[in-house]
Amino acid sequence: MLERGTTRRHWAAASAAGTLLALAGTVGCQTAAHGGRGGAEIDRAGRDRVERLLSEMTLEEKVGQMMQLTLQTVSSQPGLADQEHQLNEAEARRLIVEYGTGSILNNYDVAFDPAYWREIVGTLQQLATEETRLGIPLIYGIDSVHGANYVNGATIFPHNLTLAATWNPELARTAGEITAAETRSVGLTWNFAPVCDIARMPTWSRTFETFGEDPYLAGVLAAATIEGMQGDDLSAPTAVAATGKHFLGYSVPRTGRDRTPAYISDSEMAEIFIPPFEMAFDVGVRTVMVNSGEVNGVPVHADPRILTELLRDDMGFEGVVVTDWADIDKLVNYHKVAPNEKEATYLAVTAGIDVAMTPLTTSFADLLVELVEEGRIRESRIDESVRRILSLKEELGLFESQIPSRRDRAEIGSTASNAASLEAARQGITLLRNGGSLPLGDGTRILVTGPTSDSKVALHGSWSYSWQGTDERLYPPSDTVLDAVRERFGSGNVVHVPGVEYEEAIDIDAAVRAARGVDVVLLCLGELPAVEKPGDFGSLMMSAPQVELAQALAATGKPVILSLVTNRPRILSEFESDLDSILWLGHAGPHGGTALAEILAGDVNPSGRLPFSYPRHPNALLTYDHKHSERVGADSSTPNGYDPLFQFGFGIGYSEIGYSGLRVRELAGGGVNVTVSVRNSGDRDAAEVVQVYVTDAVSSVTPRVKRLKAFERTEIAAGASDRVGFVLPRDAFMTVDRDGNAVFEPGEFVISVGGLTETIVLD
Ligand code: BGC
């Protein structure tokens, strides 16, 4: 355990490590610095208004601003999918006018139409701006995590893990822009996205929400998303305040289950978990949401070391910090670090939160008033939070207008926006094996089978029209895999037999019979979308009925093409060697079926690259940047080493891509220039993701076998070559010591790109 007096030094160094990783990527991925560290950028008049309000506010009005309630609290009935929503105006008036609640969040379990959203937000805002003493507008928060997924008719994108497989920050930026514009157009101005957690525990139910296992790739994509969402002017009718979540160390619960303890060393925190947040802060993300779990024995909501010393003092974050759902209450009832809610409130506020997503009760406000009146919390501490919250409202332009006017509103679900979603699916779907069947010629007869073959729910994933996303009735029309394959190959060539459900056999024999009459089988496996606690489970193995279906179909001798639509990598070891081809889709969104059909037909040359290591065995869940000692004993027959089924960064297309002429050269100032030639010797245009890894040959702490330091997605015409260049700054060669300090240790470094390596000595 670190000495308290030494923590600041450690974390200060840790944030430097984050910066260095951010710097390493400035080539080829445009993470332009924003200048701010999350503090609202408001002019003199705005600052004056905030200070004037603060000076006029009562203590009750101040703590009201720090409280965020869910829409259910101002609704007539608790939200249920089958109940029609109705605002409870009396309760809304009590909570907003009497209690001075500053923020509302969430939907009513299911998505609303845009007009209805505007009506509700309008009514609530009217109460806040016209009936409260000071007329402070509300800020409304929502989880638009892959498009405005709680607005009917909005553009839905692939989930982040599939977006990450594109390795294309421009697509992430576009998705961010469209998501923000469609979210804001109904009056929702605070988006709880993007996830900046790093997926290093594949059993974790939120793996699909992340940008994968590598901090640099995730940071680049999160930063681009944030830039897209926030734009240049937060008051624009197309911008929302983004949220880096969940700070910090949420994604590696030791049990693999959501919101269970994580144990993370200072060094690992600095090298793996802090960098994406650093990169988010570099582009000015305005808000941060706290990790609901505990790290090293302390719930993060009660940890001043993480929420104040690291986040504020060392990383310099000046924006708004919001709790996760009911997390003050969880300090009492779940984590057991506080005997009652009052002590929990004390812990969370002194740890550093600004807004409490209570989200069902007002006791937070009552207790915080008591704590201040008793002198346990200074009013100046409350002022700090309220100043941040009011400044954000000011910067969002909420004092002027709460809902974009008809003239300023973004078009929801436009053709162009859906084309961007389709493009993201095309670039994100990852071809992992091609045994020779792909692409399929016109006229190929195809059996489409499996539980994800005819399911909109599967393609979309959770956070789609409802939290878990599993209610197919809520979905607007869109093509399933089956629909799209029928459209592309002709209904007459396509047979559909479901075969199995996720956990139950339906008629495997029927699928086998059907397979005998076709040329290829498109086997659509996966798992039912589920997220957070409902997504916890005990085994990463693909479910038994699906394994049985796969084995039975492979036994027919027909080529089996596997399409994987899962929340996380499910283990395929019981049948994968018998498959002809494998495609990973993740949750590719409403256009995932179309994109898959285009790839199967060869209309699109697949270019996705895995943003995570696809495990071969349930007990071998190493990430690509493991330590050397972790691969001792590795060979294809042992599950010990790094022997994943498919490596991080892997993916193939229909063109042969070759690398040659890797050159590395030290630059004046200590950076390293890396150039390499990439040739497309195929007869189709292709996109290749050039990935630059650095290995520190020897260092004082055990080095990782390699670390991604730069990448670029490049389009190469059939038969053409491209020379791609990168400048790796000195910081890309630093190591993070056991205390989290970034240090440069002179010596030998190996640079690897596309299977080529060069060694350079730096001193
Ligand atoms: C999730 C957050 C989400 C929040 C609000 C929580 O359960 O952990 O990611 O933003 O709910 O819906």
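Odds and ends about this structure:
- The spacing between segment 114-168 and segment 490-548, judged by their C-alpha centroids, is 35 Å.
- Size of segment 397-487: Rg and Dmax of its alpha carbons, in Å, are 18.6, 61.
- Here the alpha carbons of segment 168-219 define both size measures, Rg and Dmax, at 13.0, 36 Å.
- Values of log10 I(q)/I(0), in the order q = 0.25, 0.32 Å⁻¹, for segment 81-124 under a Debye, Cα-only, solvent-free model: -1.02, -1.27
- Multiplying each eigenvalue of the alpha-carbon gyration tensor of segment 141-264 by 5 and taking the square root yields semi-axes of 25, 14, 13 Å, largest first, rounded to whole angstroms.
- Cα-based Lys pair tally, the chain, threshold under 24 Å, eight or more apart or on separate chains: 14
- For the chain, calculated [θ]222 nm from helices alone, where every DSSP H run of n ≥ 4 adds -39500 (n - 2.57): -8500 deg cm²/dmol
- Each of H335, H626 has its accessible area taken with a 1.4 Å probe; listed largest first, they run H335, H626.
- Normalised contact order of segment 510-587, rounded percent, pairs of Cα under 8 Å and 6 or more residues apart: 38 percent
- Largest to smallest in accessible area, the residues R388, R488 fall in the order R488, R388 (1.4 Å probe, all protein chains included).
- Length-normalised contact order of the chain in % [C-alpha pairs under 8 Å, at least 6 apart]: 15 percent
- Principal axis dimensions, the chain - Cα atoms, whole angstrom, descending: 76, 65, 49
- Pairwise inverse Cα distances across segment 484-607, averaged and inverted, put the Kirkwood hydrodynamic radius at 15.2 Å.
- Counting every alpha-carbon pair across segment 438-506, the share separated by more than 18 Å comes to 46%.
- If R0 is taken as 45 Å, the Cβ-Cβ distance between Q83 and Q647 corresponds to a FRET efficiency of 0.40.
- 0 to 90° range, to nearest 10: angle between helix 415-428 axis and the chain longest Cα axis: 60 degrees
- Pairs of Cα atoms farther than 13 Å apart, segment 334-389, %: 60 percent
- For segment 287-338, applying the loop criterion from DSSP together with a ceiling of 16 other beta carbons within 10 Å to the chymotrypsin sites (Phe, Trp or Tyr not before Pro) yields Y334.
- Among beta bridges from DSSP that stay inside the chain, the antiparallel ones total about 55%.
- Centre separation in Å (Cα based) which lies between segment 694-763 and segment 381-447: 32 Å
- Scaled against 2.2 N^0.38 Å for its residue count N, the alpha carbon radius of gyration of segment 677-763 is 1.31.
- Rounded to whole Å, sorted largest first: equivalent-ellipsoid semi-axes of segment 600-758, Cα gyration tensor: 29, 24, 11
- For V604, the residues 5 or more places off, or on other chains, whose built amide H falls under 5 Å of its own are I599.
- Computed from the C-alpha gyration tensor, the three semi-axes of the ellipsoid equivalent to segment 241-371 are 23, 18, 12 Å, from longest to shortest.
- Once the convex hull of all Cα atoms in segment 401-546 is built, its volume per residue stands at 168 Å³.
- 21 Å tail of the calculated P(r), segment 101-187, as % of Cα pairs: 39 percent
- Ranked from largest to smallest solvent-accessible area, with a 1.4 Å probe on the protein heavy atoms, D232, D603 come out as D232, D603.
- DSSP-loop trypsin sites (Lys or Arg not before Pro) across segment 62-152, with at most 16 other Cβ within 10 angstrom: R133
- Considering segment 42-170, its Cα convex hull presents a mean projected area of 10.4 nm².
- Rg/Rg_ref, segment 289-335, where Rg_ref = 2.2 N^0.38 Å and atoms are Cα: 1.13
- Where labels lie 7 Å past Cα in the beta-carbon direction, separation of T757 and Q551 in nm: 3.9 nm
- Normalised Debye scattering of segment 586-694 at q = 0.12, 0.18, 0.21 Å⁻¹ gives log10 I(q)/I(0) of -0.65, -1.07, -1.12, counting only Cα atoms as equal scatterers and leaving out solvent.
The values are calculated or read from the model by the stated rules, or taken from the named source; none is laboratory data. Keep in mind that this is a model prediction, so the values were computed, not measured. With ideal geometry, Cβ positions are generated from the backbone for all residues, glycine too; neighbour counts draw on all protein chains shown. Just so you know, the surface numbers come from the protein's heavy atoms only, side chains and all, with ligands and any DNA or RNA stripped out. Shrake-Rupley method; radii C 1.70, N 1.55, O 1.52, S 1.80 Å.
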